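Enquirer: This is the structure I have questions about; it appears just below.
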Amino acid sequence: MRAAVLERPGLDNLKIEQLPTPEPGPGEVLVRLRAASINYRDTLTVVGGYGSRQKQESLIPLSDGAGEVAAVGADVDRWRAGDRVIGCLMPNWQGGEISEGKSAISLGGSADGCAAEYRLFPATGLVRTPEHLSDIEAATLPCAAVTAWSAVMTQGGVSPGDIVLTQGTGGVSLFALQFARLAGARIISTSSAPDRLQRLRELGASDVVNYHEVTDWGRWARALTAGRGVDHVVEVGGAGTLAQSVRAVRVGGTISLIGVLGGAKPDFNLAPVVMQNIRLQGVTVGSRDQFERMLAAIGAHKLRPVIDRVFPLEDIRAAIEHLSAGRHVGKVCIAL
């Protein structure tokens, strides 16, 4: 089988190799992967950004993949050959709250990922692909979509009439916009270019702002709500945007901290967080149970992920560079 293998940290060390196709053992499922997608975490992994928490040699990267079951091992009765499936990013996290044990294995990090034509999964580490989605679309879901679902629905509890602020046009932000809209919320979005702002409007944002032109967009968002503030901010910028998110959110509101695209060490006044009873919560993907609840909603509403561009496996380095450049709208994918 073909696979992208990171011999050691460094994007130049990522090469396409021919590897033996594995065979499923008891409780395992062999999946013929047809598509994978790239997340911000993958751009860190390929340069060794997770240190001791990731596999440092001969790592197959990318956490997200989808395809069909090729074969099953003994004692597997949940799946059969031909079933269309998606892998879970943290296969040990079946349900309940996260723990060290549940998060110990992460695809494309501490364990090999999905940039390969075949991969073994535990039978409990797969979910069924919604019928209306292609494999490319399904491959966008394990990291970005589940994270957005956790932020907006599971941990955020967004409900009809709430006002949600999203940042940018990356995968998590667009899924958050789509899920908040399904929940009946009003969405306010930020981005940096007219064409991206227009795409946000098309996806359902009622108000958009160019953060290059309106640098104090937190005050702008508060003004849109007659000075009250938004109920929920899906925060992906980290140090670069957190102070504005605090300014935008209402007293007693929630900021879901998902990404650190603008840095991981903020320098801002914590007093408003305390004095305004703001809930600042970290979000790390979600369990298999959450994944399945999200898929039920996606299937019921026929929701489709936003795809920016699809690369062949041979161009995986170019795909990672494309994502790193930050000019994408939606998900960057790999056809396998």
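Here's the yes/no breakdown for (1) open to solvent by 10 Å² or more (accessible area, probe 1.4 Å); (2) closer than 27 Å to Gly286 by Cβ; (3) free of Cβ contacts under 8 Å to residues at least 60 places away in the same chain; (4) in a loop (DSSP other than H, G, I, E, B):
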| position | (1), (2), (3), (4) |
| --- | --- |
| Ala4 | no, yes, no, no |
| Glu17 | yes, no, yes, no |
| Glu23 | yes, no, yes, yes |
| Val29 | no, yes, no, no |
| Asp42 | no, yes, no, no |
| Val47 | yes, yes, yes, yes |
| Asp77 | yes, yes, yes, yes |
| Ala81 | yes, no, yes, yes |
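Enquirer: Shifting gears a bit: Across segment 308-325, which residue is least open to solvent (accessible area, probe 1.4 Å) among those that are farther than 11 Å from Thr43 by Cα and free of Cβ contacts under 8 Å to residues at least 60 places away in the same chain?
Expert: By that ranking, first place goes to Phe311.
Enquirer: Go over the candidates Val236, Val230 one by one and state the one that is surrounded by 23 or more Cβ atoms within 10 Å (Cβ to Cβ), within 15 Å of Gln276 (Cα to Cα) and hydrophobic (A, V, I, L, M, F, W, C).
Expert: From the options Val236, Val230, the qualifying one is Val230.
Enquirer: Residue under question is Ala104, and the condition is that it be touching a Ser or Thr at 6+ places or on another chain (Cβ under 8 Å), small (Gly, Ala, Ser) and more than 27 Å from Gly299 (Cα to Cα); does it hold?
Expert: yes
Enquirer: Now for a separate question. Leu270 fails exactly one of the following numbered conditions: (1) surrounded by fewer than 18 Cβ atoms within 10 Å (Cβ to Cβ); (2) out of contact with any strand residue (DSSP E or B) (no Cβ under 7 Å at 6 or more places or on another chain); (3) under 21 Å from Val164 (Cα atoms). What is the number of that condition?
Expert: Looking at each condition in turn, Leu270 falls short on (3).
Enquirer: Quick one: is Ser37 modelled with pLDDT of 95 or more and open to solvent by 60 Å² or more (accessible area, probe 1.4 Å)?
Expert: no
Enquirer: Which condition from (1) under 26 Å from Gly168 (Cβ atoms); (2) hydrophobic (A, V, I, L, M, F, W, C); (3) in contact with a helix residue (DSSP H, G or I) (Cβ under 9 Å, 6 or more places away or on another chain); (4) open to solvent by 10 Å² or more (accessible area, probe 1.4 Å) is the one that Cys88 breaks?
Expert: Looking at each condition in turn, Cys88 falls short on (4).
Enquirer: Would it be correct to say that Leu200 is open to solvent by less than 10 Å² (accessible area, probe 1.4 Å), of a type outside the set (D, E, K, R) and touching a residue at least 12 places away in the same chain (Cβ under 8 Å)?
Expert: Judged against the criteria, Leu200 is a match.
Enquirer: Test Arg222 against the criterion of being more than 23 Å from Lys265 (Cβ to Cβ), surrounded by 15 or more Cβ atoms within 10 Å (Cβ to Cβ) and either touching a His at 6+ places or on another chain (Cβ under 8 Å) or at pLDDT 95 or above (or both), and give yes or no.
Expert: yes
Enquirer: On the basis of being within 24 Å of Met153 (Cβ to Cβ), in a loop (DSSP other than H, G, I, E, B) and open to solvent by less than 20 Å² (accessible area, probe 1.4 Å), does Val329 make the cut?
Expert: No.
The values are calculated or read from the model by the stated rules, or taken from the named source; none is laboratory data. This is a predicted model, so every value here is computed, not measured. Using ideal geometry, Cβ is built from the backbone for each residue, glycine included, and neighbour counts are taken over all protein chains shown. In case anyone asks, the SASA skips ligands and DNA or RNA and just uses the protein heavy atoms, side chains included. Shrake-Rupley method; radii C 1.70, N 1.55, O 1.52, S 1.80 Å.
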